[in-house]
1. Going by what's in this entry, would ASP316 be described as under 16 Å from GLY20 (Cα atoms) and among the charged types (D, E, K, R)?
2. Please verify whether TYR58 is touching a helix residue (DSSP H, G or I) at 6+ places or on another chain (Cβ under 6 Å), among the hydroxyl-bearing types (Ser, Thr, Tyr) and buried (at least 20 other Cβ atoms within 10 Å of the Cβ), treating the condition exactly as stated.
3. For a quick check of your reading: which helices (runs of 4 or more DSSP H) sit entirely within segment 49-162 and have at least 2 residues that are away from the ligand (no atom under 13 Å from the Cβ)?
4. Would a scan of segment 364-379 turn up a residue that is away from the ligand (no atom under 14 Å from the Cβ), over 13 Å from the mean Cα position of the chain (by Cα) and part of a loop (DSSP other than H, G, I, E, B)?
5. Any chance you could count how many residues in segment 267-283 are in contact (Cβ under 8 Å) with a residue 60 or more places away in the chain and either surrounded by 18 or more Cβ atoms within 10 Å (Cβ to Cβ) or among the hydroxyl-bearing types (Ser, Thr, Tyr) (or both)?
6. Can you name every residue in segment 178-190 that is closer than 18 Å to LYS229 by Cα and touching a residue at least 12 places away in the same chain (Cβ under 8 Å)?
7. Being aromatic (Phe, Trp, Tyr) and under 22 Å from TRP248 (Cβ atoms) is the filter; apply it to segment 345-363 and report the residue that is farthest from the ligand (Cβ to nearest atom).
8. Which condition from (1) out of contact with any Ser or Thr (no Cβ under 7 Å at 6 or more places or on another chain); (2) more than 16 Å from the ligand (Cβ to nearest atom); (3) assigned to a helix (DSSP H, G or I) is the one that ARG264 breaks?
Amino acid sequence: MHEIPRDGVPDSTLSFAWDGYLFITKRCTRLGTDLFRSRLMLQSTVCMRGEELARLFYDNERFERAGVAPSRLQQTLFGRGGVQGLDGNPHRCRKGMFLSLMSAERIAELAELSAAQWHRSAANWERRSQVVLFDEACESLCRAVCAWTGIPLVESEVRRRTDDFVAMIDAGAAIGPRHWRGRWARNRAERWIEGLVEDVRHHRLTVDEDCALYAISWHRDLSGELLDKRTAAVELINVARPTVAVAWYIMFAAMALHQHPQCRERLLAAEAYYLDYFVEEVRRFYPFFPVVAARTRREFESKGYRFPKGERVLLDLYGTNHDPRLWDDPHTFMPERFRQWKRSPFSFIPQGGGEYLDGHRCPGEWITIELMKVAVMFLSTSLRYSVPQQDLRMSLSRIPALPPSRFVIGNVQI
Ligand code: HEM
């Protein structure tokens, strides 16, 4: 039995902020291991990467989620009382509610709303000399997801509501003003959505029964009780906010089309499956969610190591998606690699791994893929544009990664 190797410094919080997405990979490479113990934000933390350890991380008998998310993440990205922090049957019941929203027909409706929204937005772009694609994608997705979930969106508030969803995503790992913007945005958004939940429950607002606002307002937990209005708001935001987050992947897809023009040609040639491979490669290649966190439920031994009870564990999503044992030439953008890819729920984990219902894997993965496909087809077949000189370098210390220009396009013609 071995002790888990240590990274050898009293506290690595600042190094994490510095190395960002590469924090775990760098130390694994230096120590010649796939896991090590570090001290992060005053807590002993085991960091791990790779397919085998991802499989271990998603073992519900050994790991749990309750109380793992740091308070600063709950005050910005996640909210309090949401599905991310539940375990066992309460998690299964709540997760079932999310998965019930994800039928193929409902996802197709969202894709249609989004396609129509892209066309409406782009009609104005022709009159402007330049457009920041990331900002447009956020607003376009916010409009589409609000229509889809049944959230009434007042025209004069569209930009503010969009900015609040973006601020929550942008704040999770930030300090200073970026973090505070996310906290204020969450408070505002929760108050707004709580009001809508109450309106639905008191029949002041009528919405379709198959939309998220209805399903979440009337969802009953295992006890048979309705969710309290704050938790209901947190869960509805758990649908809308990450749908707006797909704007990051859409911006990355636009960058990939720009940096790899041969991909656009193959998309235009409508080669079978190429769109699927392209979208998967964007999710694998570009940095978005760096890690996920859990805690050991009890003491156990695995892979020759002893894990004590109550230890915080981080799984490296970015590092696993760039693990050279799983991906040839992992730092090259190569959609064709997915032609040969042997599906595994633990090797390709941009939105988490393992099971959907019994685990914490992202229930929005199908939505993400469909919305990306709509946007990629729109950008490559319906739109002509130029890409002016701009700073597209991405710092891997900034979480979530965002190029300074947020991808500017010009001379747009639809
Ligand atoms: C940019 C696209 C997205 C990314 C990168 C992303 C990433 C993730 C990740 C990494 C997790 C955590 C997995 C884990 O803890 O093991 C997660 C969970 C989750 N995601 Fe997504 N997601 C995206 C889009 C969506 C969408 C469109 C929805 C809308 C329904 C969504 C809803 C959720 C929910 C509710 C959870 C919590 C699941 C649970 O704890 O059981 N996500 N996502």
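1. Yes: the conditions hold for ASP316.
2. No: the conditions fail for TYR58.
3. 51-57, 104-125, 133-149
4. Among the residues of segment 364-379, not one is away from the ligand (no atom under 14 Å from the Cβ), over 13 Å from the mean Cα position of the chain (by Cα) and part of a loop (DSSP other than H, G, I, E, B), which makes the answer no.
5. 10
6. Result: ALA185, ARG186, ARG188, ALA189, GLU190.
7. PHE348
8. (1)
Values in this text are rule-based calculations from the coordinates and carry no lab data. For clarity, every value in this text was computed on a predicted model and none was experimentally measured. Virtual Cβ from ideal backbone geometry, glycine too; neighbours counted across all protein chains shown.
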